[in-house]
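For reference, the structure is listed below as structure tokens.
The values are calculated or read from the model by the stated rules, or taken from the named source; none is laboratory data. Not measured: the values here are computed from a predicted model. As a convention, Cβ positions derive from the backbone with ideal geometry for all residues, glycine included, and neighbour counts pool all protein chains shown. When the accessible area is computed, the model is the full protein with side chains, heavy atoms only, and any ligands, DNA or RNA have been set aside. Shrake-Rupley method; radii C 1.70, N 1.55, O 1.52, S 1.80 Å.
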Amino acid sequence: MNVLLINPNRYKSPPVPPIGLEYLAASLESKGHRVKIADLCFSAAPLADVDNAVRSFKPDIAGVTVRNIDSVLFHTNEFFLDGTREIVHHIKNTYGLKVITGGTGVSTNPEGVLEYLDADCAIVGPAENTVHEVLGNLGALQAKKIYYGRYTGTSSPQRAYRTDNRKYCENGGVIGFETHKGCSSSCVYCIEANSRVAFKNPSDVTAGIKGFVDQGHTHFHLCDSEFNESLEYSIEFCTALKKEGIPMKWAVYMKPANFNRKLFRLMKDTGVYLITLSVDSWRKCPLYWTDIERFLFGAKSCGIKVAVDFLTGFPYETGQEIAEYLETLRRPLPDSIGINTYIRLYKSLQITRTILNDAKLRENLMGAEDDATLLTPVFYNQIGGETLEQLIGGDSVFRIEGIERGVNYNRVEY
């Protein structure tokens, strides 16, 4: 079967290569399918480029990814689904093809996204294995259907030639890769919380990295939710990477758990130059803040820079409490602290239910409050910009997220 995979994501602050489609393509080809990726990120005429791909490749089905439904941050928010819907409608109406949708954005509200896009079916979660079931049932598909993906841990290396990665790098992007699927953390604001975890074979991951290095790419960013889901696996992967001696620099997301000095040393030895440490203030015990301090001192003592991403301003928190959190984060001297007090609400989240069930909290909603699907952006905010500036007190280590576009690996030198 000929499968056309389409990346409609044209957000460029920074541009992000479609690694989900790269992994999916590898899985499809392992089963004998022919795959083409139509990457529209830098397209000047997306529908015309879709036409060219369909006419030249003659696909039997199309898959359209939804990496995000919007850009998440309040101040510079962009809504993406309208552009994606236009592409889905064009494919179906012009060529009569069925369209599968998937990607992290679908998890925000699977039924809502499927209906909004008018796709034929959606895969929620990892698609590498489930897509084969979908293709097998395609002839019998009569109504919109949602499939729930489960990753088994088997994988194939990324193929470096699928995407014009040089163009991404020239425009501020970096090459991405992942070591596992899922996240066992229970963050109330995250759509990936409490999802099934499965780890990839380190040799498959390093083989994919080697392919990019052979093309001349040496700057990478890990695309796991958090690298240190398992301390044992993180050490195993870094040990395998160090053994390969791959010349690379890479940045990671981590959480203040599952770490030790051995891991930090291995990370430094394999080229990690930056950790973005994900921190939030939702109902945390004192040990959480102690672990953050230990984490920062441990990573920095091994020569790794740490940028903290701090989400705060949750329901029932006071200004005094937030001031104390900021002082706690400031004390161990991270390289930067990005603060976000605008909480993006999605239908599937626990924090959304908490806020919507309290009339007083609903007074702090901003955005499309009447949209029951919560696809169009809705934010909760109880800390105004002026109050936040006062809490920061002019300290240059702090940065209010969303005012300027960009991410930590664009801001920190390596």
### Query
Residue check: is residue 194 touching a Ser or Thr at 6+ places or on another chain (Cβ under 8 Å), surrounded by fewer than 16 Cβ atoms within 10 Å (Cβ to Cβ) and not aromatic (Phe, Trp, Tyr)?
yes
### Message
Against the condition of a type in the set (A, V, I, L, M, F, W, C), touching a residue at least 60 places away in the same chain (Cβ under 8 Å) and surrounded by fewer than 17 Cβ atoms within 10 Å (Cβ to Cβ), how does residue 79 come out, does it pass?
### Response
yes
#### Entry: Of the criteria (1) exposed (fewer than 14 other Cβ atoms within 10 Å of the Cβ); (2) assigned to a strand (DSSP E or B), which one residue 308 fails
(1)
#### Entry: Single residue of the range 10-19 satisfying the filter (touching a strand residue (DSSP E or B) at 6+ places or on another chain (Cβ under 8 Å) and surrounded by fewer than 23 Cβ atoms within 10 Å (Cβ to Cβ)) that is farthest from residue 86 (Cα to Cα)
19
### Query
Since residue 182 meets every condition but one in (1) surrounded by fewer than 17 Cβ atoms within 10 Å (Cβ to Cβ); (2) in contact with a Lys or Arg (Cβ under 7 Å, 6 or more places away or on another chain), which condition does it not meet?
(1)
### Summary
Screening 105, 63 for residues that are more than 20 Å from residue 162 (Cβ to Cβ) and at pLDDT 95 or above leaves only 105
### Message
With the requirement that a residue be open to solvent by 30 Å² or more (accessible area, probe 1.4 Å) and part of a strand (DSSP E or B), what does the range 383-400 give you?
### Response
399, 400
### Task
Could you check how many residues of the range 365-382 are in contact (Cβ under 8 Å) with a residue 40 or more places away in the chain, part of a loop (DSSP other than H, G, I, E, B) and on the phi < 0 side of the Ramachandran plot?
6
### Task
Of the conditions (1) assigned to a helix (DSSP H, G or I); (2) at pLDDT below 95; (3) not acidic (Asp, Glu), residue 150 clears all except one; give me its number.
(1)
### Message
I'd like the full set of residues that are in contact (Cβ under 8 Å) with a residue 40 or more places away in the chain, open to solvent by 30 Å² or more (accessible area, probe 1.4 Å) and either assigned to a loop (DSSP other than H, G, I, E, B) or among the charged types (D, E, K, R) (or both), limited to the range 30-60.
### Response
31, 33, 39, 42, 58, 60
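Every residue, every condition in (1) within 15 Å of residue 255 (Cβ to Cβ); (2) part of a helix (DSSP H, G or I); (3) open to solvent by 30 Å² or more (accessible area, probe 1.4 Å); (4) of a type in the set (A, V, I, L, M, F, W, C), yes or no:
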site: 287; (1), (2), (3), (4): yes, yes, yes, yes
site: 292; (1), (2), (3), (4): yes, yes, no, yes
site: 299; (1), (2), (3), (4): yes, yes, no, yes
site: 314; (1), (2), (3), (4): no, no, no, yes
site: 323; (1), (2), (3), (4): no, yes, yes, yes
site: 326; (1), (2), (3), (4): no, yes, no, yes
site: 348; (1), (2), (3), (4): no, no, yes, no
site: 353; (1), (2), (3), (4): no, yes, yes, no
